[in-house]
1. If the requirement is being within 14 Å of Ala205 (Cβ to Cβ) and of a type outside the set (Val, Ile, Thr), which of these qualifies: Ala83, Ala22, Ala89, Ala54?
2. Given the range 77-193, what helices (runs of 4 or more DSSP H) lie entirely inside it while holding 1 or more residues that are of a type in the set (A, V, I, L, M, F, W, C), out of contact with any helix residue (DSSP H, G or I) (no Cβ under 6 Å at 6 or more places or on another chain) and open to solvent by 60 Å² or more (accessible area, probe 1.4 Å)?
3. Name the residues in the range 60-85 that are aliphatic (A, V, I, L, M) and farther than 25 Å from Thr124 by Cβ, would you?
4. Just one of the numbered conditions (1) closer than 22 Å to Met184 by Cα; (2) in contact with a strand residue (DSSP E or B) (Cβ under 6 Å, 6 or more places away or on another chain); (3) assigned by the TED database to the domain that holds Glu10 is not true of Phe127; which one?
5. When residues of the range 44-79 are filtered for being more than 19 Å from Pro91 (Cα to Cα) and of a type in the set (Gly, Ala, Ser), how many remain?
6. From (1) under 18 Å from the mean Cα position of the chain (by Cα); (2) within 12 Å of Thr118 (Cβ to Cβ), pick out the condition that doesn't hold for Ala41.
7. Please list, ordered by residue number, the helices (runs of 4 or more DSSP H) wholly in the range 4-69 having 2 or more residues that are in the same structural domain as Ala209 (by the TED database), open to solvent by less than 70 Å² (accessible area, probe 1.4 Å) and closer than 19 Å to Ala208 by Cα.
8. Can you name the number of the only condition in (1) surrounded by fewer than 14 Cβ atoms within 10 Å (Cβ to Cβ); (2) in a helix (DSSP H, G or I); (3) modelled with pLDDT under 95 that Pro196 fails?
Amino acid sequence: MTIACLHTAESNIAVYEATAKALGLPDGMLRHHVRADLLLAAEKVGRLTDEISAETAALLRHLAEDADAVVLNCSTLGPATTAVNAGAAAPIIRADATLAEEAVKAGGRVIVLCTVETTIVPTTALFEAAAKATGAEIKVRLVPGAWAHFRAGDLPAYLASIADAVTAAHGEGPVTIAFAQASMTDAARLLPESYPQPMSGPATALAAAMTKIAG
C-alpha cells in the first residue's frame, strides 16, 4: 500500500513520517512530493487563483494513478481537491478537511491557529461548514509574525510563537485548538503536559487515508 503526500514545504516530510510511525504504519508507506512553488505563487498574489488550483488538481490526479490514496497537505491549496475527487484513480484526502471534521465533533469553542495569511479564507470556510453539524463556535486566528520566522528558516522561533498563541487561547477558557498547517505540529512539544494536545492535520489525514484504503 502507498499513500502519496503532496507538500508545499520540505520540512513537513519529517512531520508526516513521525506521525506515520506513531500511527503504526509500515516504513516506506508514504511517498512524498514537494511543490513549494505552488504555495509561493499563491502567496505572491495573495490567494489561490484558478490557474494554481488547476495545476494542483492535475498534479493530484497524476499522483493518484500510482497510489492507494493521496493526501494534500496544504490548506491554501485545499480547495483544488473539489475538482479532482470524482475522476481520480484513488481517494484524494484534503488534510485540513479531515482536521475540521475531527475538531468540531465535540462542539464548543474551536480556535484554529494559522500561520499563513493565504489560508485564512479557505480554512474559515472549511471549519464553519464542518461546524454546522455540531454547532461548534469557530474562530480562525493568524499567529502574528510566525510565517516570517518559517521563511527565514528559524524553526525554533516559529514553533515558539505558535506555542505562545496556544497558551493565550487556553487563557480564554475551555477550547479545542487546531493547527491549520502541518508545519505547526511540533509546537505541541513546547506546551505544558497539563494542556490538551492541539489537533493537527497529519494524524487526521493519514487516519482518513487508511480508512479509505481499507474501505
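1. Every option except Ala22 fails the conditions.
2. 120-131, 146-151, 155-170
3. Leu63, Ala64, Ala67, Ala69
4. Among (1) closer than 22 Å to Met184 by Cα; (2) in contact with a strand residue (DSSP E or B) (Cβ under 6 Å, 6 or more places away or on another chain); (3) assigned by the TED database to the domain that holds Glu10, the lone unmet condition for Phe127 is (3).
5. The total comes to 1.
6. (1)
7. Result: 12-22, 50-64.
8. (2)
The values are calculated or read from the model by the stated rules, or taken from the named source; none is laboratory data. Computed from a predicted structure; not experimentally measured. All Cβ positions, glycine included, derive from the backbone under ideal geometry; neighbour counts span all protein chains shown. Just the protein is used for accessible areas: all its heavy atoms, side chains included, with ligands, DNA and RNA removed. Shrake-Rupley method; radii C 1.70, N 1.55, O 1.52, S 1.80 Å.
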